[in-house]
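This report refers to the structure that appears directly beneath it.
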Amino acid sequence: MEQSELLNDISGLSFPTLTSILDASSNCTSGINKKLSPPDPKVCGSLSELRTSQPCLLEHYVNIALQAVSENKVAVLLLAGGQGTRLGVSYPKGLYRPNLPSGRSLYQLQAERLHRVSQMCKDTFGTTPSITWYIMTSGHTKETTVHYFESVNYLGIIGIT
């Protein structure tokens with residue numbers, strides 16, 4: 001099934017057009033590596049490092065993040081266009097249930113985290129934020145993903161469109 005879809009997609013490609021697009025994009029990005037550099041190590045850190053060495057700084061960062069969420073300034077973008085073939089499944093990765101005792105899907109785990117962040121904002125600031133959750137799908141995964149969310153009542157998330 002996947003191979004025939006891939007062959008169908010490939011047969012519709014115009015290689016001269018693709019070459020032209022690739023050349024144009026290469027010209028636009030030439031020299032960009034000179035402009036890119038890693039962030040200063042002073043502004044980066046791992047959560048475990050902060051938790052053990054600078055708990056006050058970690059708390060400060062968490063409060064800044066929760067404040068932004070409580071002011072509806074934060075959205076979540078989930079790139080979920082791929083199928084779970086590398087996981088050994090033929091359906092969208094978001095439906096995958098890792099080997100956890102709860103049996104929850106990856107979508108459900110993320111929805112529960114969004115609910116938890118919302119509750120933390122309510123506990124800290126007295127407001128219940130609206131966290132927009134964008135789930136980018138592909139032509140191969142959209143229908144299955146939409147059906148999943150419909151079948152689980154959108155995991156209790158309000159305002160799904």
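Yes or no: Ser118 touching a helix residue (DSSP H, G or I) at 6+ places or on another chain (Cβ under 9 Å), of a type in the set (S, T, N, Q), assigned to a loop (DSSP other than H, G, I, E, B) and in contact (Cβ under 8 Å) with a residue 12 or more places away in the chain?
Answer is no for this residue.
Being aliphatic (A, V, I, L, M) and either surrounded by fewer than 16 Cβ atoms within 10 Å (Cβ to Cβ) or under 14 Å from the mean Cα position of the chain (by Cα) (or both) is the filter here; which residues of the stretch 96-121 pass it? Don't jump to the end; show me each part of the working.
Residues of the stretch 96-121 aliphatic (A, V, I, L, M): 100, 106, 109, 111, 114, 117, 120.
Leu100, Leu106, Leu109, Ala111, Leu114, listed by residue number.
For residues in the stretch 152-161 being of a type in the set (A, V, I, L, M) and part of a loop (DSSP other than H, G, I, E, B), which is surrounded by the fewest Cβ atoms within 10 Å (Cβ to Cβ)? Reasoning before the result, please.
From the stretch 152-161, those of a type in the set (A, V, I, L, M) are 152, 155, 157-158, 160; that's our starting set.
Right, trim to part of a loop (DSSP other than H, G, I, E, B) and you get 152, 157-158, 160.
Numbers: Val152: 14, Ile157: 15, Ile158: 8, Ile160: 12.
By that ranking, first place goes to Ile158.
Would you check which residues across the stretch 105-140 are under 30 Å from Leu6 (Cβ atoms), touching a strand residue (DSSP E or B) at 6+ places or on another chain (Cβ under 6 Å) and of a type in the set (Ser, Thr, Tyr) and list them?
Tyr134
Just the residues that are more than 16 Å from the chain's Cα centre (by Cα) and either more than 17 Å from Val76 (Cβ to Cβ) or of a type in the set (D, E, K, R) (or both), please, taken from the stretch 122-145.
Within the stretch 122-145, the first condition is being more than 16 Å from the chain's Cα centre (by Cα), and the residues that meet it are 122-130, 139-140, 143-144.
Answer for the stretch 122-145, where residues must be more than 16 Å from the chain's Cα centre (by Cα) and either more than 17 Å from Val76 (Cβ to Cβ) or of a type in the set (D, E, K, R) (or both): Lys122, Asp123, Thr124, Phe125, Gly126, Thr127, Gly139, His140, Glu143, Thr144.
Can you tell me which residue is farthest from the chain's Cα centre (by Cα) among those in the stretch 14-32 that are loosely packed, with under 10 Cβ neighbours inside 10 Å and modelled with pLDDT of 85 or more?
Here the answer is Pro16.
Quick check on my filter: what residues within the stretch 122-151 are in a strand (DSSP E or B), of a type in the set (A, V, I, L, M, F, W, C) and surrounded by fewer than 15 Cβ atoms within 10 Å (Cβ to Cβ)? Please lay out each step first, then the result.
So the first thing to find is which residues in the stretch 122-151 are in a strand (DSSP E or B), and the list is 132-136.
Cutting the leftovers down to of a type in the set (A, V, I, L, M, F, W, C) gives us 133, 135-136.
Of everything in the stretch 122-151, just one residue is in a strand (DSSP E or B), of a type in the set (A, V, I, L, M, F, W, C) and surrounded by fewer than 15 Cβ atoms within 10 Å (Cβ to Cβ), namely Met136.
Does at least one position in the stretch 33-45 carry a residue that is charged (D, E, K, R), modelled with pLDDT of 80 or more and under 26 Å from the mean Cα position of the chain (by Cα)? Break it down into steps so the answer makes sense when it comes.
Pass one, the stretch 33-45, residues charged (D, E, K, R): 34-35, 40, 42.
Add one more test, that the residue is modelled with pLDDT of 80 or more, and what stays is none.
The answer is no, given that none of the residues of the stretch 33-45 is charged (D, E, K, R), modelled with pLDDT of 80 or more and under 26 Å from the mean Cα position of the chain (by Cα).
Within the group Ala80, Ala65, which residue is surrounded by 10 or more Cβ atoms within 10 Å (Cβ to Cβ), within 26 Å of Thr145 (Cβ to Cβ) and among the aliphatic types (A, V, I, L, M)?
Working: Ala65 fails: within 26 Å of Thr145 (Cβ to Cβ).
Selected residue: Ala80, the only one of Ala80, Ala65 that is surrounded by 10 or more Cβ atoms within 10 Å (Cβ to Cβ), within 26 Å of Thr145 (Cβ to Cβ) and among the aliphatic types (A, V, I, L, M).
Please indicate, with yes or no, whether at least one residue in the stretch 81-92 is closer than 30 Å to Gln67 by Cα and either modelled with pLDDT of 90 or more or basic (Lys, Arg) (or both). It would help to see each step written out before you state the result.
Step one: list which residues in the stretch 81-92 are closer than 30 Å to Gln67 by Cα, which gives none.
No, that holds for no residue.
For the stretch 47-88, which residues satisfy the criterion of being among the basic types (Lys, Arg) and either within 17 Å of Val117 (Cβ to Cβ) or in contact with a Lys or Arg (Cβ under 6 Å, 6 or more places away or on another chain) (or both)? Quick ask: steps written out before the conclusion?
Step one: filter the stretch 47-88 for residues among the basic types (Lys, Arg), giving 51, 73, 86.
Within the stretch 47-88, just Lys73 meets the criteria.
The values are calculated or read from the model by the stated rules, or taken from the named source; none is laboratory data. Treat the numbers as computed from the prediction; the structure is a model and nothing was measured. Virtual Cβ from ideal backbone geometry, glycine too; neighbours counted across all protein chains shown.
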